Amino acid sequence: MSTEAPAIAFVEDSDLDFEMAVRAVRAIAPEARVLRGQTFHDAVKILAEPRLRLLVLDINLPTCNGLDILQQIQKLDEARRIKVVVFSTSSNPADRTAALSSGAVGYHEKPSDTQAYFDTVAAFVEPWLDGPATDPTRPPEPTP
């Protein structure tokens, strides 16, 4: 794993949901940077974070739709190096299909149970913590 702390970003309007996500990430990766955005413009700014490994999008945002954000950021060069997971209260199969067909690597429904929420976030974040550094200007680490 890189010696630099990985960054995970959530585009989430709910303070409670974001705080629970932060706690879940901290439980498995205390050193990780956890970033937050609430709009499309926030998401674009977050993509500039060189250690960003994963962008987690909510669908139901007050000023925009997370699926629209996903479709727009997939058009940006910066997004090609970032994995996106949709994490939403929506159980609509059409939302899941739209998210995955728009480039998300996963779609997870937000559980209402606190422990299930923590477990779900940990399960979809953990695989991306040990990924390669996302800074394309950084040379790969030597192998032993």
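List of remarks:
- Taken over segment 1-12, residues that are surrounded by fewer than 17 Cβ atoms within 10 Å (Cβ to Cβ) and touching a residue at least 40 places away in the same chain (Cβ under 8 Å) amount to 4.
- Long-range neighbours under 9 Å by Cβ, at least six apart or interchain, first residue without any contact (Cβ under 8 Å) to a residue 12 or more places away in the chain within segment 54-74, second buried (at least 16 other Cβ atoms within 10 Å of the Cβ): Asn65/Ile59
- Residue check for Pro93: at pLDDT 95 or above and more than 15 Å from the chain's Cα centre (by Cα): yes
- Members of segment 85-119 found to be in contact with a strand residue (DSSP E or B) (Cβ under 8 Å, 6 or more places away or on another chain) and not in a strand (DSSP E or B), listed by number: Thr89, Ser90, Ser91, Asp95, Arg96, Ala99, Leu100, Gly103, Ala104, Val105, Lys110
- Residue in segment 7-15 that is over 16 Å from Trp128 (Cβ atoms), in a strand (DSSP E or B) and touching a helix residue (DSSP H, G or I) at 6+ places or on another chain (Cβ under 6 Å) present: no
- Residue check, Leu55 at pLDDT 90 or above, closer than 20 Å to Asp13 by Cα and surrounded by 20 or more Cβ atoms within 10 Å (Cβ to Cβ): yes
- Checking each residue in segment 46-84 for being outside any loop (DSSP other than H, G, I, E, B), of a type in the set (Asp, Glu) and closer than 19 Å to Trp128 by Cα picks out only Glu78.
- Filter result for Asp42 (in a helix (DSSP H, G or I) and either in contact with a Phe, Trp or Tyr (Cβ under 8 Å, 6 or more places away or on another chain) or within 22 Å of Leu67 (Cβ to Cβ) (or both)): yes
- Some residue of segment 71-81 being at pLDDT 90 or above and of a type outside the set (D, E, K, R): no
The values are calculated or read from the model by the stated rules, or taken from the named source; none is laboratory data. This one's a predicted model, so the numbers in the text were calculated from it and none came from an experiment. With ideal geometry, Cβ positions are generated from the backbone for all residues, glycine too; neighbour counts draw on all protein chains shown.
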